[in-house]
There are 4 protein chains.
Amino acid sequence: MFKFEDHKCYQMPAHFGGWDYNPTGTIYRDTVQISYAYATDGNRLADYLPEGFELLRPELLIAYVQSREVEWLGGAAYNLIEVSVPARFQGRQDRVEGQFALVVWENKTAPILGGREECGIPKIFADIQDLHKIQQNYFTNASYEGNTFLRLEMHEAQPVDAPKLADIKAQPVERVLFGWRYISKVGGPGAELSQPILYPQSTEINNAWIGKGTVQWTQLKPEQSPQQWHIIKALAELPMNELTPAMMVQGVSTLKSMQARVLR
Amino acid sequence: MFKFEDHKCYQMPAHFGGWDYNPTGTIYRDTVQISYAYATDGNRLADYLPEGFELLRPELLIAYVQSREVEWLGGAAYNLIEVSVPARFQGRQDRVEGQFALVVWENKTAPILGGREECGIPKIFADIQDLHKIQQNYFTNASYEGNTFLRLEMHEAQPVDAPKLADIKAQPVERVLFGWRYISKVGGPGAELSQPILYPQSTEINNAWIGKGTVQWTQLKPEQSPQQWHIIKALAELPMNELTPAMMVQGVSTLKSMQARVLR
Amino acid sequence: MFKFEDHKCYQMPAHFGGWDYNPTGTIYRDTVQISYAYATDGNRLADYLPEGFELLRPELLIAYVQSREVEWLGGAAYNLIEVSVPARFQGRQDRVEGQFALVVWENKTAPILGGREECGIPKIFADIQDLHKIQQNYFTNASYEGNTFLRLEMHEAQPVDAPKLADIKAQPVERVLFGWRYISKVGGPGAELSQPILYPQSTEINNAWIGKGTVQWTQLKPEQSPQQWHIIKALAELPMNELTPAMMVQGVSTLKSMQARVLR
Amino acid sequence: MFKFEDHKCYQMPAHFGGWDYNPTGTIYRDTVQISYAYATDGNRLADYLPEGFELLRPELLIAYVQSREVEWLGGAAYNLIEVSVPARFQGRQDRVEGQFALVVWENKTAPILGGREECGIPKIFADIQDLHKIQQNYFTNASYEGNTFLRLEMHEAQPVDAPKLADIKAQPVERVLFGWRYISKVGGPGAELSQPILYPQSTEINNAWIGKGTVQWTQLKPEQSPQQWHIIKALAELPMNELTPAMMVQGVSTLKSMQARVLR
């Protein structure tokens, strides 16, 4: 008979064995991230924030991350696009500022499963291209079964100047990502688990570039992506005001899922 | 602010809205299933059964299912390979016979997420080929990032004779699939949820064939599939005795996830 | 030393051996084809017809073909989208009517190579979805590295009436497909081979449906598909007048590449 | 009417227009190459060399190349595995040493088409993984429709010492790659074109590493890859003696297809 051990960590299928708890973060040795931000309608954004969270600024944040040499995946690579808003959690005990993840698309299933089940990060699948690069111009897109829904570009990327880079490199960028773990009751409506979650991450930056960004949403019909069209529609309908310059950084990231915790 | 409604169903990301509870099953209009079974070492098999389950026979069951025209996926298709054992659940209240899912590989993320989170079916990702067909011979394989780990063949498929087909078609095949939903504590070892689950499914069969089956496992090194190599190793090391003839059926399946329940 | 044998057929790499000439056609046992046609600007269309060909009607033909159980590919499947115009070849010797292939997208490389090198069919690669089916509605799309450029739909497909089906089934549909084999000089401009080609094909139809078709082109920027954007642009800019009803047929096709010949 | 212009270059479909002849090579800005070599049976190898070529050494060369930021592909990436032998061409006019390409697998169709049609390089399709990297160990594999046929590893890669690197960087590595362009007669056995071809390439190396290489072939059954199994079999059956250390280089490559020429 298979027996669970309380001090071990498991993922389904659990019955082939678990692993020892290890609080060390998961290291991503080669990540390239391009960040976009734009002002938008704060009232609409607030509609997507669950109880306990409030909007810090009426701003939508989009980060494309291309991760390679990921050791926990056998040295493989994957890409993600994270859409979040700056938010504060104000609970009975906790008061924390960070970024609330509205949705994260990833092009590999394994990190989707861990992120959802262990940390409540709303990861779903999309095909996401590796960065295409022509001179200092970068291109990527996200699609679902051949249907493009997001195109991200960065033009004329220039290295940030030396003093600024020195500043950026001086210390790791610590980040609080907020998720909401929702696990339904078996066989019925309602929640078995419904929890706000804090997931700490940090990045040591080695290089940084700044350039002109473009973000282009394309809505899909329900039959093109039954599980995602309403998410894409919600995001595509947000006004896109004052798109800030795109920032690209290359560095080493540490995901501290074992230091994640339920907010109270 | 986004508010959860108790009578609604949600999946992460929940904050873009849920849907009304609907007890009707999910219909798969065009499924082709090839089933393999072989006698093996019952003691080893029993090691993978969690508390409450006992082995009915020392037998490993492998089902390849090619599903098309799946409405909840916008009419798309996907393939799965389910490995299970015949088992009985014997709890304080429930005593049920069915098949305990050791692992289910699927080549699409959306059904993996629902199956895991809502029903505790241990679904993980693999590339799984559509059936290749040459005359009455069928071939498929499963691989992870280019590494083949399972090859399934069916040779000289012959339609079952008319009386047997009539029998098979006379009524839907009702099946109990057992899963175990395990959701870890956030940030640490141990379980937040750890539940045996009953997931009912039924299939109306339109056609059936019988033929010679072959099952070939290939073990992978940990770096070829860090999350799966130990599962493949456990299954590949089981002795393969008395492989029964392969059975192929074509029909309409109904997955009754809304009638799934926690076993007690 | 490897020696070529004159009576054998080869494909690169030739030095691992060729195969015996066999005039029998290649059989595709399970093909589903959806055909679209629309009136357009004949002058523009004529610009794409090389010497010897003339336009029969100012009409663009688009055929989506989903082929399964393809024996020469080991029983595998692939999809194609063929764009052609009704044309007559008028040479010194030959006068033939058929369809001139403007471009053919396929989602598998092996048939692309044979079609191009042996028959001058202008096949290029795209991701092409299997048909998605919801009730009697069919959907597919073509994309290049995540960039959608063509969406084809067929709505409310209805079986053709029995007399019409009987007519259709009465005899194979024989079709002449025209290509133009162009092989450049090594290392420089100009042609080593530049030949109009006739490629005969036939289809035995088992079933046929008629419905409402839609064709939607999306232009790409050069950097999204450097080898194809100008083709997509040329086709997308053609006016789409009087789209005829979409016709879907299911049947067995025979590609007679060994009966292909250079037109004179 | 579409008219070919003699001074232009075309690829099928030609009728959408050609491009101006440009003798400049095609630049690949970011290539990582891992090279393997092993002594083998010279008699068997010689069986694969067409008339005019002779073996320089009984050695099989395997190069894995991961190319990124490829401008002619819109900044996209692709991978290839080239299998070649050191050879001399001895014709009536030409006497040249280089590497004769036995087969080249690539995971993108566009470069396959150009390489075959314009330079006679025997490129065919396979799925080829990006390098997986764990510490100083690199892994990749090639598969066809889920069937692994080649696994390449490099362990404990160490930078070459400074003087050696200085040597390597001192000048571009000029390489002669030999192909054989074979284009069949339309509709029948025998050749329309059958030509030995010299294709010059050069690489400026920025970094180099040396390590322990492993090469593992897995034969496929004909139905697993009808167009390739005999090639894989021929290569897998060659004895693998004295595998040299694997060499990895990172640099900028220039493919000079416009300086390719037919050997005489």
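The values are calculated or read from the model by the stated rules, or taken from the named source; none is laboratory data. All values reported here derive from a predicted model rather than from experimental measurement. Cβ coordinates were reconstructed from backbone atoms using ideal geometry, including for glycine residues, and neighbour counts include every protein chain displayed. Please note that ligands, DNA and RNA were not included when accessible areas were found on the heavy atoms of the full protein model with its side chains. Shrake-Rupley method; radii C 1.70, N 1.55, O 1.52, S 1.80 Å.
Observations on the structure shown:
- Failed condition for A:W209, given (1) of a type outside the set (K, R); (2) within 22 Å of A:Y28 (Cβ to Cβ); (3) at pLDDT below 95: (3)
- Just one of the listed residues (B:G42, B:G25, B:G75) is at pLDDT below 95 and closer than 30 Å to B:W209 by Cβ, namely B:G25.
- Qualifying residue in region A:44-62 (condition: within 12 Å of chain B (Cβ to nearest Cβ), hydroxyl-bearing (S, T, Y) and open to solvent by less than 20 Å² (accessible area, probe 1.4 Å)): no
- Only one of the numbered conditions (1) under 24 Å from A:Y78 (Cβ atoms); (2) more than 9 Å from chain C (Cβ to nearest Cβ); (3) open to solvent by 10 Å² or more (accessible area, probe 1.4 Å) is violated by D:W105, and that is (3).
- Residues in region A:220-264 that are within 14 Å of chain B (Cβ to nearest Cβ), closer than 28 Å to A:N147 by Cα and outside any helix (DSSP H, G or I) were compared, and the one that is farthest from the chain's Cα centre (by Cα) is A:K221.
- Qualifying residue in region B:223-235 (condition: at pLDDT 95 or above, closer than 15 Å to B:A63 by Cβ and touching a Phe, Trp or Tyr at 6+ places or on another chain (Cβ under 9 Å)): yes
- For region A:36-74, a residue qualifies if it is over 30 Å from D:Q136 (Cβ atoms) and of a type in the set (V, I, T), and the qualifying residues are A:T40, A:I62.
- Identity of the residue in region C:188-222, more than 19 Å from C:F139 (Cα to Cα) and among the hydrophobic types (A, V, I, L, M, F, W, C), that ends up surrounded by the most Cβ atoms within 10 Å (Cβ to Cβ): C:L220
- Given (1) under 23 Å from A:I62 (Cα atoms); (2) within 10 Å of chain B (Cβ to nearest Cβ), number of the condition A:E192 does not satisfy: (1)
- Region B:72-99 - residue that is of a type in the set (D, E) and more than 12 Å from the chain's Cα centre (by Cα) and, of those, farthest from B:I231 (Cα to Cα): B:D94
- Just one of (1) closer than 25 Å to C:G52 by Cα; (2) without any contact (Cβ under 8 Å) to a residue 24 or more places away in the chain fails for C:L255. It is (2).
- Residues of region A:204-233 that turn out to be among the polar types (S, T, N, Q) and free of Cβ contacts under 8 Å to residues at least 24 places away in the same chain, as a count: 0
- Restricting attention to region A:155-181, the residues that are part of a strand (DSSP E or B) and either charged (D, E, K, R) or in contact with a Pro (Cβ under 8 Å, 6 or more places away or on another chain) (or both) total 9.
- Where C:G179 falls short, out of the listed (1) farther than 30 Å from D:L198 by Cα; (2) more than 7 Å from chain D (Cβ to nearest Cβ); (3) touching a helix residue (DSSP H, G or I) at 6+ places or on another chain (Cβ under 9 Å): (1)
- Taking region D:4-33 as the range and being more than 7 Å from chain C (Cβ to nearest Cβ), surrounded by fewer than 16 Cβ atoms within 10 Å (Cβ to Cβ) and more than 17 Å from the chain's Cα centre (by Cα) as the test, the residues that pass are D:E5, D:W19, D:D20, D:N22, D:P23, D:T24.
- Flag for D:Y36 being more than 7 Å from chain C (Cβ to nearest Cβ), open to solvent by less than 40 Å² (accessible area, probe 1.4 Å), touching a Gly at 6+ places or on another chain (Cβ under 7 Å) and not in a loop (DSSP other than H, G, I, E, B): yes
- Filtered residues of region A:111-143 (kept if open to solvent by 20 Å² or more (accessible area, probe 1.4 Å) and not in a strand (DSSP E or B)): A:E118, A:Q129, A:D130, A:L131, A:Q135, A:Q136
- Residue count, region C:224-245 (criterion: within 26 Å of D:A77 (Cα to Cα) and surrounded by 18 or more Cβ atoms within 10 Å (Cβ to Cβ)): 8
- Residue satisfying all of: in region B:69-100; aliphatic (A, V, I, L, M) and more than 8 Å from chain A (Cβ to nearest Cβ); surrounded by the fewest Cβ atoms within 10 Å (Cβ to Cβ) among these: B:V96
- Those residues of region C:98-140 which are closer than 17 Å to C:K256 by Cα and among the acidic types (D, E), in sequence order: C:E117, C:E118
- Test: A:K164 is surrounded by fewer than 21 Cβ atoms within 10 Å (Cβ to Cβ), within 11 Å of chain B (Cβ to nearest Cβ) and free of Cβ contacts under 8 Å to residues at least 60 places away in the same chain: no
- Of everything listed in (1) aliphatic (A, V, I, L, M); (2) open to solvent by 40 Å² or more (accessible area, probe 1.4 Å); (3) closer than 30 Å to A:C9 by Cβ, the single unmet condition for B:A170 is (3).
- Residue satisfying all of: in region A:100-113; of a type outside the set (F, W, Y) and under 13 Å from the mean Cα position of the chain (by Cα); farthest from B:G188 (Cα to Cα) among these: A:N107
- Qualifying residue in region C:151-158 (condition: within 13 Å of another protein chain (Cβ to nearest Cβ) and under 27 Å from D:G75 (Cα atoms)): yes
- Flag for C:I168 being on the phi < 0 side of the Ramachandran plot and touching a Leu at 6+ places or on another chain (Cβ under 8 Å): no
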